[in-house]
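Structure first, then comments.
Every number here is computed from the coordinates shown, using simple stated rules; none is lab data. Predicted model, so just to flag it, every value in this text is computed and none were measured. Heads up, the Cβs are rebuilt from the backbone with ideal geometry, glycines too, and the neighbour counts pull from every protein chain shown.
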Amino acid sequence: MNTAAFHNVPLCEEEPASAYSVNATGAKYLASACQEAGARLIHVSTDYVFGYGGTAPYTEADRESPLSTYGASKLAGEHLIAAECEDHCIVRGSGLYGAAPCKAKGGKNFVQLMLHLARERGEVKVVTDEMVSPTYTVALAKQIRIIAEKAEPGLYHATCNGECSWYEFAEAIFEETGTEVTLHKATQDDFPSPVKRPDYSILENKHLQDQGLDAMPHWRDALRDYLEVIQDPASA
C-alpha cells in the first residue's frame, strides 16, 4: 500500500522535479516491483487531479484537468501505475483529516485549526466558494481495507458522502463542539494564493457503489466520530 507523496502543494510549485520524482516516478517503480512480485498495489491519490468548472460530483470516468504541479504529478503517477501493474487499486481521497499531525499544514488539520483559531481569536473567516467532501482518515482506512480485500482492480473514489463548503464544514465543527465563535463568510479572493486549487472537487464513489462496496459515512457523521476520539484520546 502506497501512502507516500510529496503533498506540500505550494512547495510542489517551487520544486516540480521533486514532486514528479516522488508522486510519479516513485509510484512507477513501486508498481513495477508489485507486478514482478505478483502483488496487489493500493495507491492513494487525490481530488486535485480535477480543476475548475465542476458542478456535479466527479465519477471515475470523468476527465481530469489538474491545476497545480501537485495534481498533475499525482495524475501522472496514476497513469504510470495503471500501465505497470495489472493488479492495482488507485484510491482518490479528498479533504482528509485525522489524529496524525499534518506536517504540510503546520501540524494541524482543518478541524484542529478552526478550534485553535476560535480559542485564540474568537472569530474565524472561512471561504464559501470551495466545495469539498471532508473525509476522516479512519473512515478512509476502513474503506481501503475493503478495497484491498474485495474490489476488482481499477480506479476508485473514496470520500465521505455528501458535500459542503469549507465555511459549512467550519460551521458544523463549531456546532458539534459547542464552540462560541464569530464565523465570517469569505471567498478565495480574500486569501490570495500562488497555487490554483479546485473550487469544486466533490467525488462520487461510483465504482465502489457499483460493486456494493461503498462503506463511507456521511461527512457529518464522520466528523462526530473524529471529535469523540480527540475529546477522549483513550478511545483512539
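How big is the antiparallel share of DSSP beta bridges in segment 9-235, given as a percent to the nearest 5?
10
Hey, rough spin-label estimate for ARG63 and GLN209, points 7 angstrom out along Cα→Cβ, what's it come to in nanometres?
2.3
Going by amide H atoms built from the backbone, whose H comes under 5 Å of the H on ASN109, apart from near neighbours?
Residues meeting the amide H criterion: CYS102.
Would you give the gap between the C-alpha center of segment 52-82 and the C-alpha center of segment 142-172, rounded to a whole Å?
Each part's Cα centre sits 16 Å from the other's.
What percent does the relative contact order of the chain come to when contacts are Cα pairs within less than 8 Å and at least six residues apart?
Value for the chain: 25 percent.
Please work out how much length the chain gains when fully extended from ALA4 to ARG224, using 0.36 nm per residue of separation minus the C-alpha to C-alpha distance, in nm with one decimal.
76.4 nm
Taking the simple approach of a point 7 Å from Cα along Cα-to-Cβ for both GLU36 and GLU176, what is their distance in nm?
4.4
If only Cα atoms are counted, what is the Rg of the chain, and what is its Dmax, in Å?
In order Rg, Dmax, the Cα atoms of the chain give 17.8, 56 Å.
Contour minus end-to-end for THR187 and ARG121, with contour as 0.36 nm per residue of separation and end-to-end as the Cα-Cα distance?
Numbers: separation 66, 0.36 × 66 = 23.76 nm, distance 1.97 nm.
Gain in length upon complete extension: 21.8 nm.
Among PHE6, PHE174, rank each residue by its count of other Cβ atoms within 10 Å, from fewest to most, as a rough exposure measure.
Least to most surrounded, the residues fall as PHE174, PHE6.
To the nearest 20 Debye, how big is the dipole of the chain about its Cα centre, given +1 on the beta carbon of each Lys and Arg and -1 on that of each Asp and Glu?
The calculation lands at about 460 debye.
Taking the Cα centre of segment 103-185 as the origin and placing charges on Cβ (Lys, Arg +1; Asp, Glu -1), which of GLY122, HIS184, ASN109 is farthest toward the positive end of the dipole?
Among GLY122, HIS184, ASN109, the one farthest towards the positive end of the dipole of segment 103-185 is ASN109.
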